[in-house]
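J.: Have a look at this one before I ask anything.
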Amino acid sequence: MPWQEATTMSERLAFCREVEAATEPMRALCRRYRISPTTGYAWFARYEAEGEAGLADRSRRPRSSPRRTDRATEAAVVALRDAQPHWGGRTLRARLLALGHDPVPSPSTVTAILRRHDRLAAPAPPPPPWQRFEADAPNALWQMDFKGPVRLTSGTTHPLLVLDDHARFALAVTALPDQRTATVQARLTGLFRAYGLPDRILCDNGAPWGSSQPLARLTRLSAWLLRLGVRVSHGRPYHPETQGKVERFGRTLETELLAGRTFADPVAFQMACDAWRGVYNDERPHHALGLTPPAGRYHASARPFPETLPTIAHPDGATLLRVCSQGYVRIAGGRHYVSEVIPAQLVAVVPTDTPDRVAIAYGPLVLRHLDLRAPGPGVDPRPRRPLP
């Protein structure tokens with residue numbers, strides 16, 4: 001309606017008084033005031049019924065909202081949000097359905113309820129798209145990483161996170177006193193006894209499962225895993241998105257459990273982790289799983305943990321060489337370094353597509369390539385000083 005904003009009431013009043021005086025036909029007056037006849041008749045009817053007060057602006061809010069969510073449902077949404085302050089609209093709706101609430105509004109309505117009750121902050125900008133992957137079955141791939149360190153009232157702890165790639169099932173949220181090989185190996189032994197062996201484990205390049213060696217990322221822990229028949233993969237350096245699922249799991253742990261809390265000691269921290277892990281696996285709807293909890297998608301591995309460590313498996317017919325205590329093997333008149341973490345172990349000499357060039361492998365892992373035509377003894381390729 002093209003009334004002038006500064007003189008809205010005066011324009012309406014002048015129009016209605018001219019209509020009342022019948023100085024011009026209604027439609028002519030409407031054209032002069034640049035309003036439609038429908039608007040003119042509506043304003044004059046309000047003027048006749050209520051006088052000048054009837055020309056004031058009125059709220060357009062409806063007198064009733066028959067489709068608004070009932071108070072009991074809104075209270076259930078708010079109560080669940082208060083209990084789980086980091087769950088969003090879709091997650092809350094899925095959990096209310098699992099708890100048997102009826103009716104349960106749509107995710108957008110749940111979000112609107114949270115906004116009405118001041119339970120929702122401003123939305124964050126959408127992240128850039130990722131190139132996603134997922135293992136085909138449970139235990140085909142586990143992702144492993146350390147979260148931390150976490151400062152306690154009495155000391156520090158290092159949470160070890162292990163996640164099944166396919167099911168997003170949290171296999172471990174374990175408070176460890178350090179990140180040493182023996183400590184991690186003992187915890188993985190307990191996991192393997194409980195859930196069986198995975199086909200492969202994906203981790204970053206840090207200790208104790210990573211190495212800065214230029215030949216191969218072989219450590220004592222990864223050598224132990226290879227003997228168990230568990231392949232080890234490493235993400236690209238400085239690209240944590242390669243282990244995106246366990247990285248995201250660590251962020252969820254930080255948000256839902258660690259933020260703003262202080263724990264007295266490792267025992268108290270582990271109890272809190274165990275309780276949260278139970279909610280995460282059995283109750284919390286997961287967006288990547290169609291809003292179902294991870295426990296419904298996971299089952300233990302059919303490969304049991306061998307209590308006696310088997311020898312590494314090499315291809316049939318391969319030439320085997322024994323690694324000396326300093327990590328060298330002798331081949332073609334030369335002394336060649338492979339790895340000092342597998343002393344007295346056998347490695348295989350595997351032919352390649354290039355003539356006079358062979359690969360030295362420890363099970364499925366190629367440790368290095370050798371050119372047999374190179375004269376003289378082999379050169380130790382290890383760095384002479386620590387890498388930056």
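Every number here is computed from the coordinates shown, using simple stated rules; none is lab data. Since the model is a prediction, treat every value here as computed from it, not as a measurement. Glycine gets a Cβ as well: all are built from the backbone with ideal geometry, and neighbour counts include every protein chain shown.
J.: Anything in segment 289-335 that is in a loop (DSSP other than H, G, I, E, B), under 12 Å from V347 (Cα atoms) and not β-branched (V, I, T)? List them, or say none.
T.: Of everything in segment 289-335, those that are in a loop (DSSP other than H, G, I, E, B), under 12 Å from V347 (Cα atoms) and not β-branched (V, I, T) turn out to be A313, H314, P315, A318, C324, G327.
J.: While we're here: Give R227, R261 a once-over and let me know the one that is free of Cβ contacts under 8 Å to residues at least 40 places away in the same chain and either more than 13 Å from C203 (Cβ to Cβ) or loosely packed, with under 14 Cβ neighbours inside 10 Å (or both). Walk me through it before giving the result.
T.: On the way: R227 fails: free of Cβ contacts under 8 Å to residues at least 40 places away in the same chain.
Result of the check over R227, R261: R261.
J.: From the residues in segment 140-156 that are out of contact with any strand residue (DSSP E or B) (no Cβ under 6 Å at 6 or more places or on another chain) and part of a strand (DSSP E or B), which one is surrounded by the most Cβ atoms within 10 Å (Cβ to Cβ)?
T.: First, the residues of segment 140-156 that are out of contact with any strand residue (DSSP E or B) (no Cβ under 6 Å at 6 or more places or on another chain): 140, 151-156.
Next, from what is left, pick out any that are part of a strand (DSSP E or B): 151-152, 155-156.
Numbers: R151: 11, L152: 17, G155: 11, T156: 13.
It comes out as L152.
J.: Name the residues in segment 164-189 that are closer than 19 Å to F269 by Cβ, surrounded by 14 or more Cβ atoms within 10 Å (Cβ to Cβ) and of a type in the set (A, V, I, L, M), would you?
T.: A170, L171, A172, V173, A175, L176, V184
J.: Next question, about the same structure. Considering segment 243-281 alone, what residues qualify as being on the phi > 0 side of the Ramachandran plot and part of a helix (DSSP H, G or I)? Walk me through it before giving the result.
T.: Residues of segment 243-281 that are on the phi > 0 side of the Ramachandran plot, as a first pass: 260.
Scanning segment 243-281 gives no hits.
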